[in-house]
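Okay, so here's the structure we're looking at.
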Amino acid sequence: MRTQQNVPLSAVRVEDGFWSNIQTLVRDVVLPYQADILEDKSVVTEKSHAVENFRIAAREAEGEFQGMVFQDSDVAKWLEAASYALALQPDEALNAHIDEIIRLIDKAQQADGYVNTYFTVKAPDKKWTNLRDNHELYCLGHMIEAGVAHTLATNKHNLLDIVCRAADMVCRRFGPGKTRGVPGHEEIELALLRLYRVTGKQDYLDTARYFIEERGKQPSFFEEERARHAYDLRATNEEYHQSHLPVREQTEAVGHSVRAMYLYAAMADLSAETGDASLYEACRALLDNILESKMYVTGGLGSTFHGEAFTPAYDLPNDTAYAETCASIGMCFFARRMLEIKPEGRVADLLERQLFNNILAGIQLDGTRFFYVNPLEVIPSISGAAPAHKHVQPQRPGWHACACCPPNLSRLILSLGRYAWGSGDRTIYAHLWLGGSAQFSVAGRVDVACESQYPWNGAVCYTISPAMEGARFCLAIHLPSCCRNAYWLLNGEVFEPDMKDGYAYIDRAWHKGDTVKIISELPVLRLYSNLAVPRNAGLTCLQRGPVIFCLEECDNSAPLAALRLPPDAEIGVEKIHDGALKGMTALTWEGVREISDTGLYSERHPIAYPAKVKAIPYFAWGNREAGEMRVWVRE
Ligand code: FUB
Ligand code: ZN
């Protein structure tokens, strides 16, 4: 079922005009900033206590557990991100820092392999009693992902050994004929599949499959668990946990959006691993459902704060959006796995939509503040203030009490190289235009270098260097759907590649230094919502390349709702030359500002005046003065 293998980070170099700076920022600024918070060397809101919890569990410090029940996962995600940083560039100090945390985790691990500081320190009698809410398998899943990343980056086994002991304990405990169990927050499934791939141990695959397939079966495991322990727990909202139906019968994305994404990523991975067509069909149905009716134009997923969840089709309010950063990161996990099964332009486009919009908006340009919720419309006096808008912060905070998003951003950005390439039997796939290079093993060793001007320009050049002169293989390059009038040059000669599903397939005998260049236009696109999205009727949104644009008050003055983009206005494309957004592209046009009468209601129509309007990339909003922001503009 899998058409290609994921290309390991060790085989990829990222040297990209856009992303390299962001990776450097994450490596040099974000990782140390986050480590200081996790180690309580700096306190932004309240103490994280995350590393201290391990120190207490390891009996190297006295004290109480503090933080969320899933506080361990912040440490695990940081370790995973730091491991990716090591894969990008050796760093002795970071290596030693990671090893010190691993030493603590090792000491905190119990004899049977159990490792979780909340239940070791605070509630040992509650271990495994509430899989629905307690996040034990979620935390372990993140630790497993860290162990896999760490061993691949360093060839060391200190963290891998710990997570294998823990995973073995889980495999001994749960499965057919053993204890019944389903995690309330998916994550262990995709982690066990990753662990299976590095260790080859069948138990990990089998247990991942068990957790995926047991979900949604009747009788409800969560209700059984609730009855068994007679806890004072609220009844289970099965949709919230994606446990309302067996996974193969699910066709609509429901419930908590991060949980959903982690589940779908695991389903796709399992179907790729085992060739399970029915599971893949379920993944496709869920993906179609999201693309057709449940995703913001920025890639945001989850429309409501209540349950951090999906809501009915077309319910995509801009001002109360949830669009958690982690959900978009989870969508990248899902999309990458879907691409590995079947390369499809719309899925690679989706990956771009996530990366260049909702995900990047999650991080301040200086790397020290983070959005959890990513609204498409902000009015500072309402956002964060009015009852239904309390969750919408008009500026990125330095940290969050529930800090799932910041270290998730770090691990995704530092592992970006894994999303750009795929390696099939005789086909090299370029899913993203990401500058740098990658090594493949198709018809012998092949090196492919990429020079890209994306996302600001639609030009990219691939240079192919096979070890074997004249080696025959196929290079499949995704042509983003936002590119227009693309022409293709093979060694400088225009040619027409075979296009299929948004990918150009170039199958030939290759020689060292062969080049494939694509030169395309990135026109400004006006997007319109389906009219079933009630809030967007009469509004338009601007996209250029993969980047969605928005208006900010500091460029246009409030209220932004008073501005109109006339249907025939010409939209100019300008480079920003100074300030925080230096080097980015802005859009400008001669528009209209309406001014209403002074009272709340009036019989007089607002009066229209000409106004210069400027839009900036959505991902960069909130980096200058605080103020209004909106993505959808009146036309
Ligand atoms: O429950 C763990 C994480 O905290 C979820 O993935 C996020 O949505 C946040 O609720
Ligand atoms: Zn999050």
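With the convex hull of its Cα atoms as the shape, region 308-352 has an orientation-averaged projected area of 3.8 nm². Reducing region 472-514 and region 214-260 to their Cα centroids gives an inter-centroid distance of 46 Å.
Each listed q (0.14, 0.16, 0.19 Å⁻¹) maps to a log10 I(q)/I(0) for region 1-150, found by the Debye formula over equal Cα scatterers with no solvent: -0.74, -0.92, -1.17.
The protection proxy used here, the mean number of other Cβ atoms lying within 10 Å of each residue, ranks peptides 598-607, 343-352, 427-436, 242-251 as follows, highest first: 427-436, 343-352, 242-251, 598-607. Taking N as the residue count of region 1-67, its C-alpha radius of gyration divided by 2.2 N^0.38 Å amounts to 1.68. Annotation for Ser441 and Lys156: the two label points, set 7 Å from Cα along the Cα-Cβ direction, are 2.6 nm apart. What you get for the chain, charging only the Cβ of Lys and Arg (+1) and of Asp and Glu (-1), is a dipole of about 520 debye around the Cα centre. Taking the Cα centre of region 229-365 as origin and assigning +1 to Lys and Arg Cβ atoms and -1 to Asp and Glu Cβ atoms, the resulting dipole is close to 200 debye. Each of Gly17, Thr251, Ile379 was placed along the dipole of the chain (beta-carbon charges, centred on the mean Cα), and the one lying farthest toward the positive end is Thr251. Which net charge results when you count Lys and Arg as +1 and Asp and Glu as -1 among the other residues whose beta-carbon is under 15 Å from that of Gly435? Within the 15 Å Cβ shell, the charges total -3. Rounded, prolate or oblate, given the Cα gyration tensor of region 398-524, with a/c below 1.5 counting as rounded? It comes out oblate by the Cα gyration axes. Judged by the mean number of other Cβ atoms found within 10 Å, the most tightly packed of the peptides 68-75, 323-330, 394-401, 19-26 leads the ranking 323-330, 68-75, 19-26, 394-401.
The modelled label-to-label distance for the pair Asp125/Asp40, using points 7 Å beyond Cα in the direction of Cβ, is 2.6 nm.
With a cut-off of 18 Å on the backbone N, the residues of region 572-609 near the modelled label site 7 Å out from Arg634 along Cα-Cβ are 589-609. Rounded to the nearest 20, the Cβ-based charge dipole of region 109-167 about its Cα centre (Lys and Arg +1, Asp and Glu -1) stands at 60 debye. The length gained on full extension between Val198 and Lys512, counted as 0.36 nm times the residue separation minus their Cα-Cα distance, comes to 109.8 nm.
Only Cα pairs under 8 Å and 6+ residues apart enter the sum, and on that basis the relative contact order of the chain stands at 13 percent.
Cβ-Cβ distance of Glu223 and Cys402, R₀ of 22 Å, FRET efficiency by 1/(1 + (r/R0)^6): the value works out to about 0.25.
You can think of it this way: the chain between Phe495 and Asp425 has 22.7 nm of extra reach, that is 0.36 nm per residue less the Cα-Cα gap. Dipole orientation for the chain: of the candidates Leu279, Tyr618, Ala108, Leu279 has the Cα lying most toward the positive pole (charges on Cβ; Lys, Arg +1; Asp, Glu -1). Taking other residues whose beta carbon is less than 11 angstrom from the beta carbon of Val392, and scoring Lys, Arg as +1 and Asp, Glu as -1, yields -1.
Note on the chain: Rg/Rh from Cα positions, Kirkwood definition for Rh, rounded to two decimals, is 0.97. With R₀ set to 51 Å, the beta-carbon distance separating Ser602 from Leu233 gives a calculated FRET efficiency near 0.45. For region 499-635, what does the relative contact order come out to in percent, with C-alpha contacts under 8 Å and a separation of six or more? In percent, rounded to a whole number, it is 28. Taking label positions 7 Å along the Cα-Cβ direction at both Thr179 and Met468, the computed distance is 5.2 nm, reported to one decimal.
3J(HN,Hα) along region 378-389, derived from phi through the Karplus expression 6.51 cos²θ - 1.76 cosθ + 1.60 where θ = phi - 60°, amounts to 10, 10, x, 6, 9, 4, x, 10, 5, x, 7, 10 Hz, with x in place of Gly and Pro. Dividing the summed helix terms, -39500 (n - 2.57) for each DSSP H run of n ≥ 4, by the number of residues in the chain produces a 222 nm estimate of -10000 deg cm²/dmol to the nearest 500.
Counting 0.36 nm for each residue step from Met1 to Lys107 and taking away their Cα separation leaves a gain of 34.1 nm. Calculated FRET efficiency, Glu100 to Glu590, Cβ-Cβ distance, R0 = 51 Å: about 0.30 to the nearest 0.05. For a test of the definition: using alpha carbon positions, the gyration tensor, and the 1.5 limit on a/c, classify region 244-367 as rounded, prolate or oblate. Oblate shape, in that a/c is at least 1.5 and b/c is the bigger or equal ratio. Amide H contacts under 5 Å for Met295: none, restricted to partners 5 or more places along the chain or on a different chain, H placed in the peptide plane at 1.01 Å from N.
Summing Lys and Arg as +1 and Asp and Glu as -1 over all other residues whose Cβ lies under 10 Å from the Cβ of His135 gives a net charge of -3. The residue list Phe440, Cys402, Ala532 was ranked by how far each Cα lies along the charge dipole of region 387-539 toward its positive end, using unit charges on Cβ atoms, and Cys402 comes out on top.
The peptide list 617-626, 162-171, 277-286, put in order of mean Cβ contacts within 10 Å with the highest first, becomes 162-171, 617-626, 277-286. Past 25 Å, Cα to Cα: identify those pairs from Lys127/Lys156; Lys107/Lys156; Lys77/Lys294; Lys217/Lys342, in the order given. Beyond 25 Å between Cα atoms: Lys127/Lys156; Lys77/Lys294; Lys217/Lys342.
No value in this document is a laboratory result; all are computed from the given coordinates. Note that this is a predicted model, so its numbers are computed, not measured. Neighbour counts run over all protein chains shown; Cβ positions are idealised from the backbone, glycine included.
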